[in-house]
Structures are given as structure tokens and as C-alpha cells.
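Taking it in order: structure first as C-alpha cells, then the write-up.
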Amino acid sequence: MAIRGIETHDDVVMSNTLFLTPWYTLLKFHDDPLGMLLRYGQSPDPVVPIRLGRWTLYLVTGPAEVGQVLSRHVQHYHKGPGMDRQNPLIGTGLLLSETPRWETSRRILKEEFLPAAVREKQLRMRQTIGIQLDQWHDGKVNVTEQLVLLTAQVAIETLFDFPAQGDAMTAVIDASQELMMFFYRRSRSFFRPLYSMPWPMNRKYWSAAKPLTGFAERIYARRASASAKLSALLEHLPSDERTAQIVTLLIAGHETTANALSWTLYLLARHQEAQNLARTDPEWLDAVIQESLRLYPPVWLLSRVSLEPVSLGSYRLPKDAPILLSPWVNQRLERYWDQPGEFLPERWIKRAPLPPFLYFPFGAGQRSCIGETLAHQEMRITLSLILSRWTLEPASDDEVLPLPLLSLKPKNGVWIRLAPR
Ligand code: HEM
């Protein structure tokens, strides 16, 4: 499987010299961040400075250094570029907030994401997914579009026990897509005030925020009659963050899982043998999921900023140094993986545990994904139900390119031909 833009170590050396000026590098980064990060990742150094315009960012690829930032020395870092705590809608939610606020909310909310609590949601999840799949039809289907709907429905029903159907669901999904696009553009902008002015684009954002906050308020108001414990747990949080937590969980909980499932179906449609094995053998199904998350990690980039001068690799980084950690890069480097561009689920079967921090599609350390177990359960159920109903074939021979927005999306969606079994 070809990787766009992969070049040699010499290109990396060259791009850090006069041949590519920092401003040119900035333009290239905006044009093809995936290819460019992968090229920088070829450098054997565990920390690679990247000059973009007048900024220097540090790409961390060494497992020990990734562990240092995400886990061992986590107190020296905050969320970095693009992760904006001032965000008026979700700034106080789990994804963006910092200690001490973050610590309290994570401790309270995590109860509903522990393995036993997730197992309790299994039956409800299976029913919701089954009902969604009843609406799929045979033949050519844009599964990405359908999966966004499915995962949003699962998040709303299994996390909050909230009855949302039809137009209400569509409004929530449209609003969250609109918002994610806005957050993405804002995260790439080097002049944030542009995104606070009352221009049509920003007004569109505010109008998209309204249905979501309204929806979150309705979910909270209904907590006494909901069977989902999460709604009740929200009562223990400060009132100014309840809406942010609900919106965070809705947004973080559905788009990532929808993209992970889309990429998995894309790979399964192109690998019939793996598809047959995954249909009958749960170990293979898990291996397929792991391998799909390796090749197409929905959260392709994590960012941090140093709170004080820190030593990382052979560098002494100043305070406020922007740091990038990328599952996309680390999970595709030849020095860590055999045939890194190939889809080989068998590499996960009965293998010795991996060294830590080579593979981190759900992040790592204390800020790792709170929904990891839930997402795995949802993926397993969705894939096994799809595979029991249909045989998957690619609807076209064209390679689907990854589009690196906030989450790694299949460009133009994944189209699959579903043949009934
Ligand atoms: C395949 C699906 C998913 C992937 C690949 C994924 C990936 C990630 C990653 C990499 C992070 C860490 C971000 C960082 O360190 O900056 C994260 C955080 C988070 N995820 Fe997920 N996620 C998925 C599904 C979910 C689901 C289903 C939920 C909730 C229902 C969820 C909720 C969150 C939240 C709230 C955080 C912030 C946690 C914190 O900082 O305490 N995610 N996710």
C-alpha cells in the first residue's frame, strides 16, 4: 500500500537546511501534513525539530521520549497547539481541560468507562447497532456516512439513554460536523482572533453550537428518568462544565469510532481472506481492528506544550515549546515495523507484547482515551454484525486517501459493495 509523499532520510536532512526555507516548509505542511510528518519521522533522532515559518515544533518519535511526555513526566506538559482551553463550547470538557479541573472530572466520569460498566452496556449497544444496520441496503453504500449516524446513535443511547431519532439526530450530527470543521480550521490558524470576529463563517459556527448545547441541556435535564448512570454522575461536576462534558463525549465518542470502522471495512473489503477469518474467529477480528488502527489511527496527531524548560532526547527545550506526537508516524516507521505499509493482521496473532509507546492509537498515560474499552466493544459488535449479514467488496479499485482533519477521515468516504450472505 503506497504512502503518499514518503521520501528518504536525505530529504529530511535537506528540508532542515536552506533548500527548504521554514516558510516553504509551512506551506508544505499545510498541504500534506501526513506525508511531511512521515518524512521527518525517518530521521533516526528520537526528537526532530521542524521549522514552520517562525515557529519550531518538535516531533517526538522515540518510544522512550513519547513515554516521557505522555506518561513519566506528564506534569511538565499541557495540551498543545490546536487544543484550545479557551474553546467556548468544550474548553472545560475532559479533552481540553487541565488539572485540577481535569483531574476531578476524570475521576468522576471514569466510573462509567471501566470494563465492568462497559460490559453492562453490551446488550443495549447490540440492539442499537442492529436497528441501525436494518436500515442499510445491499449494493453500493457509502459506509462512512452510515457509520457516522450509527456511532452517534450508539453514543447518545448507550452513554445517556436519550431517545433521539430522525431529524433530531440529523441536526446533532450536522452540528457536530460543522463544529469539528471549525475547530480544525481554528487549530491551523496562526491568528486566532480571526475566528472570534462576527463574520459569516464564525456566525455559522455559533449557530451550529446552539443545537448541540440545547441537546446537551435536554440530556442533562432528563437525567432522573434515564437509566444511564453517566447522566447522574454529571451532577457531581461543577455546573459550568456539564454541557461541555456531554458535548465532548458526543463529539469525541462518535467521529473517531466511525472513522476507525470505515477504515476497517475498507481494508476488509480488499482482503477477502482476512475478511473470512474475521467473520469466524474473534481473535482475528481483534487483530484486524488493531492493524486497522495501526495503519489509519483516527487521532493521527497529539500535541503538547512544555510548561517549563525540559530535556527531551538530546535537546533542551524552552518553556512553551510545541511538541507533536503522532500515532500515524510511529505506527508506520520501518525501524519499528516489518512491512509497515502493508495490512497484515497476522502480526497481532499470538505475538509477544510490543515495547511500550510504539503503538498508541488511544494515546497513553493519564490523558489516554477514556472511551478505549467502549470503542473496542462497539467496533467488535458492529463489525461482527456487518460480517454476519454481508460479504464486503470494494466498490472501486481506487485507493482511498486519508484526509487529516481533527480525525483521520477517508477522503470522499469509503464506498463498499454489500452482498447479502
Ligand atoms: C476508535 C475510537 C477512538 C480513538 C482512536 C480515540 C483516540 C483518543 C486519543 C488518542 C485520545 C488522547 C488525546 C490526547 O492525548 O491528546 C483520546 C482522548 C479522549 N477520548 Fe477517545 N478515541 C476513540 C473513541 C472514544 C470514545 C468512544 C469516547 C467516549 C465515548 C472517547 C472520549 C475521549 C475523551 C473524553 C478523551 C479525553 C480524555 C482525557 O483527556 O481525560 N473516545 N481519544
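The values are calculated or read from the model by the stated rules, or taken from the named source; none is laboratory data. Predicted model, so just to flag it, every value in this text is computed and none were measured. Glycine also receives a Cβ, built like all others from the backbone with ideal geometry; neighbour counts cover every protein chain displayed.
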Worksheet item: Are any of the residues in the range 339-355 surrounded by 16 or more Cβ atoms within 10 Å (Cβ to Cβ), of a type in the set (Val, Ile, Thr) and assigned to a loop (DSSP other than H, G, I, E, B)?
Response: no
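Any idea how many residues of the range 370-385 are under 18 Å from Asp286 (Cα atoms) and near the ligand (Cβ under 6 Å from one of its atoms)? Give the steps one after another, and end with the answer.
The first filter runs over the range 370-385 and keeps only residues under 18 Å from Asp286 (Cα atoms), leaving 371-385.
So of that shortlist, the ones also near the ligand (Cβ under 6 Å from one of its atoms) come out as 371, 374-375.
Qualifying residue count, the range 370-385: 3.
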Worksheet item: Which one of these is part of a loop (DSSP other than H, G, I, E, B), in contact with a Gly (Cβ under 9 Å, 6 or more places away or on another chain) and either within 14 Å of the ligand (Cβ to nearest atom) or at pLDDT 95 or above (or both): Ser105, Ser97?
Response: Ser97
Practice prompt. Assess whether Pro361 counts as being surrounded by fewer than 17 Cβ atoms within 10 Å (Cβ to Cβ) and within 16 Å of the ligand (Cβ to nearest atom).
Written response: no
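What tally of residues in the range 37-94 results from selecting those that are in a loop (DSSP other than H, G, I, E, B) and closer than 22 Å to Gln245 by Cβ?
Residues of the range 37-94 in a loop (DSSP other than H, G, I, E, B): 42-46, 53-54, 61-62, 73, 80-94.
Applying the additional criterion that residues be closer than 22 Å to Gln245 by Cβ yields 80, 82-94.
Qualifying residue count for the region: 14.
Confirm whether Ile323 is in contact with a strand residue (DSSP E or B) (Cβ under 6 Å, 6 or more places away or on another chain), of a type in the set (Val, Ile, Thr), surrounded by 21 or more Cβ atoms within 10 Å (Cβ to Cβ) and within 27 Å of Thr248 (Cα to Cα). First the steps, then the outcome.
On the way: in contact with a strand residue (DSSP E or B) (Cβ under 6 Å, 6 or more places away or on another chain): yes; of a type in the set (Val, Ile, Thr): yes; surrounded by 21 or more Cβ atoms within 10 Å (Cβ to Cβ): yes; within 27 Å of Thr248 (Cα to Cα): yes.
Answer is yes for this residue.
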Practice prompt. Select from the range 248-273 the residues that are at pLDDT 95 or above and small (Gly, Ala, Ser) and write down the one among them that is farthest from the ligand (Cβ to nearest atom).
Written response: Ala269
Practice prompt. With the checklist (1) at pLDDT 90 or above; (2) under 28 Å from His236 (Cα atoms) in hand, flag the one item Arg126 doesn't pass.
Written response: (2)
Item to complete: Would you check if Gln366 is farther than 18 Å from Leu406 by Cα, within 16 Å of the ligand (Cβ to nearest atom), among the polar types (S, T, N, Q) and surrounded by fewer than 21 Cβ atoms within 10 Å (Cβ to Cβ)?
Response: yes
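Might you let me know whether the range 365-387 holds any residue that is in contact with a strand residue (DSSP E or B) (Cβ under 9 Å, 6 or more places away or on another chain) and of a type outside the set (Asp, Glu)? Outline the logic, then answer.
Going residue by residue through the range 365-387, those that are in contact with a strand residue (DSSP E or B) (Cβ under 9 Å, 6 or more places away or on another chain) are 367, 386.
Next cut, of a type outside the set (Asp, Glu) only: 367, 386.
Scanning the range 365-387, I find at least one residue that is in contact with a strand residue (DSSP E or B) (Cβ under 9 Å, 6 or more places away or on another chain) and of a type outside the set (Asp, Glu), so the answer is yes.
Is the range 149-158 home to any residue that is in a helix (DSSP H, G or I) and in contact with a Phe, Trp or Tyr (Cβ under 7 Å, 6 or more places away or on another chain)? Can you show your working first?
Residues of the range 149-158 in a helix (DSSP H, G or I): 149-158.
Filter again for in contact with a Phe, Trp or Tyr (Cβ under 7 Å, 6 or more places away or on another chain), leaving 156.
Yes, the range 149-158 contains at least one residue that is in a helix (DSSP H, G or I) and in contact with a Phe, Trp or Tyr (Cβ under 7 Å, 6 or more places away or on another chain).
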Worksheet item: Has the range 127-146 got at least one residue that is among the charged types (D, E, K, R), within 16 Å of the ligand (Cβ to nearest atom) and touching a Leu at 6+ places or on another chain (Cβ under 9 Å)?
Response: no
Fill in: Hits in the range 56-107 (condition: among the acidic types (Asp, Glu) and surrounded by fewer than 18 Cβ atoms within 10 Å (Cβ to Cβ))
Asp84, Glu98, Glu103
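Of all residues in the range 188-241 being in a helix (DSSP H, G or I) and of a type in the set (S, T, N, Q), which is modelled with the lowest pLDDT?
Quick first cut of the range 188-241, residues in a helix (DSSP H, G or I) only: 188, 192-195, 200-221, 229-236, 239-241.
Filter again for of a type in the set (S, T, N, Q), leaving 202, 207, 213, 231, 239.
On the way: Asn202: 71, Ser207: 78, Thr213: 90, Ser231: 83, Ser239: 86.
Per the criteria, the residue is Asn202.
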Worksheet item: Which residue out of Leu333, Leu403, Leu418 is under 30 Å from His78 (Cβ atoms), outside any loop (DSSP other than H, G, I, E, B) and more than 14 Å from the ligand (Cβ to nearest atom)?
Response: Leu403
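Within the range 274-281, can one find any residue that is touching a strand residue (DSSP E or B) at 6+ places or on another chain (Cβ under 8 Å) and either at pLDDT below 95 or within 14 Å of the ligand (Cβ to nearest atom) (or both)? Spell out the reasoning first.
First, pick out the residues of the range 274-281 that are touching a strand residue (DSSP E or B) at 6+ places or on another chain (Cβ under 8 Å): 275.
Right, trim to either at pLDDT below 95 or within 14 Å of the ligand (Cβ to nearest atom) (or both) and you get none.
No.
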